[in-house]
Amino acid sequence: MNRYSFCPVCRQLLEWAEIDGRARKICNSCSWVHYINPIPAVLAYVVNRNEELLVVRRAHEPAFNEWALPGGFLEAGEEASDGCLRELMEETSLAGKIDRLVGVYHRNVEKYGSVLVIAYSVVVEDDTLSLNHELSEGAFYPQELIPEVRIPLHLQIIHDAALFELVS
Ligand SMILES: [Zn+2]
């Protein structure tokens, strides 16, 4: 990601420099440094009372048409767990409860650059789905009937969450 060419404070052309051991752009006029930080996102591993897993099909890029876990980006000032439940509600109308943290992951995504992903397992009582425009399909699937999830991070989260269930 190469977001700025000009200083957002004083509009001077930014120059490359090595700062804290990394090549970064800096404004030689006001000393503003173009730090690039990961964008925080959340994913939800959602199970219903029958231990079935919610898998949804994406209606937009990135990963158009792929089977996935629901999730999205955090808003400023929002707790990660609240953001996870908000995204679930927005995409599926499900009111979930956080069960536990599955893990924290980092991925480089072409469209967004560096993304820090926080994954929670979530339980729902009422599993009646109403999908929004971001999804084309979705359902709760028993373990043996889960559609083929090909997004590596989502697969890993499913694996990590299932491992925990085996040992608990
Ligand atoms: Zn500047």
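Return a yes/no flag: does segment 31-43 have any residue that is hydrophobic (A, V, I, L, M, F, W, C), more than 16 Å from the ligand (Cβ to nearest atom), more than 11 Å from the chain's Cα centre (by Cα) and surrounded by 20 or more Cβ atoms within 10 Å (Cβ to Cβ). Checked against the condition, which is being hydrophobic (A, V, I, L, M, F, W, C), more than 16 Å from the ligand (Cβ to nearest atom), more than 11 Å from the chain's Cα centre (by Cα) and surrounded by 20 or more Cβ atoms within 10 Å (Cβ to Cβ), segment 31-43 yields no hits at all.
Among the residues of segment 64-86, at least one is of a type in the set (K, R) and more than 21 Å from I146 (Cα to Cα).
Being closer than 30 Å to Y35 by Cα and either among the aromatic types (F, W, Y) or in contact with a Leu (Cβ under 7 Å, 6 or more places away or on another chain) (or both) is a property that Y120 has.
The criterion of at least 2 residues that are touching a residue at least 12 places away in the same chain (Cβ under 8 Å) and more than 30 Å from G71 (Cβ to Cβ) is met, among strands (runs of 3 or more DSSP E) falling completely within segment 1-48, by 15-19, 22-26. Here I19 passes the criteria (1) among the aliphatic types (A, V, I, L, M); (2) within 16 Å of the ligand (Cβ to nearest atom); (3) crowded, with 20+ Cβ neighbours inside 10 Å except the one numbered (3).
Results for (1) assigned by TED's automatic domain parsing to the domain that holds I157; (2) more than 13 Å from the chain's Cα centre (by Cα); (3) not in a strand (DSSP E or B), shown as yes or no for each residue.
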site: D99; (1), (2), (3): yes, yes, no
site: N108; (1), (2), (3): yes, no, no
site: V123; (1), (2), (3): yes, yes, no
site: D126; (1), (2), (3): yes, yes, yes
site: G138; (1), (2), (3): yes, yes, no
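Just to be sure before I move on: is G77 surrounded by 13 or more Cβ atoms within 10 Å (Cβ to Cβ), assigned by TED's automatic domain parsing to the domain that holds I157 and of a type outside the set (D, E) in the structure I sent? So G77 fails the test.
The values are calculated or read from the model by the stated rules, or taken from the named source; none is laboratory data. The model shown is predicted, which means the values in this text are computed figures rather than measured ones. Cβ: placed from backbone, ideal geometry, glycine included. Neighbour counts: every protein chain shown.
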